[in-house]
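The next block holds one structure in the form of structure tokens; read it before the comments.
Each reported figure results from applying straightforward, stated rules to the coordinates on display, with no laboratory input. A quick note: this is a predicted structure, and the numbers were derived from the prediction, not measured. No Cβ is skipped: glycine too gets one built from the backbone with ideal geometry, and neighbour counts run over all protein chains shown.
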Amino acid sequence: PFNPTTTMLLTMPVSGDITVAVYNLLGQVVDILASGYMELGTYNLIWDASEVSSGMYFVKAQAVGFNTTQKLILIK
């Protein structure tokens, strides 16, 4: 659980294009945290959720050969 910002660690296993987006329970995109080319390595991504309602959200990172989803709970 977090309020109102959270930091996530993203480890890119290979260099390439990536999209990291936050989705609500309806599958709608709430925010884009990263989009475009990123080098191999580890990155900190910060989501400021001060403009969205309390509830459960999902962060999905997609790249070629790489796909992961993490659940987040926002409590205000």
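Here are a few things to note about the model shown:
- Anisotropy class of the chain from Cα gyration tensor, a/c 1.5 cut: prolate
- Counted residue by residue at 0.36 nm each, then reduced by the alpha carbon distance between them, the extension gain from ILE75 to GLN62 reaches 2.1 nm.
- Across the chain, C-alpha contacts under 8 Å between residues 6 or more apart give a mean separation that, scaled by the residue count, equals a relative contact order of 39 percent.
- Using the average count of surrounding beta-carbon atoms within 10 Å as a protection proxy, the listed peptides 25-33, 49-57 rank, highest first, as 49-57, 25-33.
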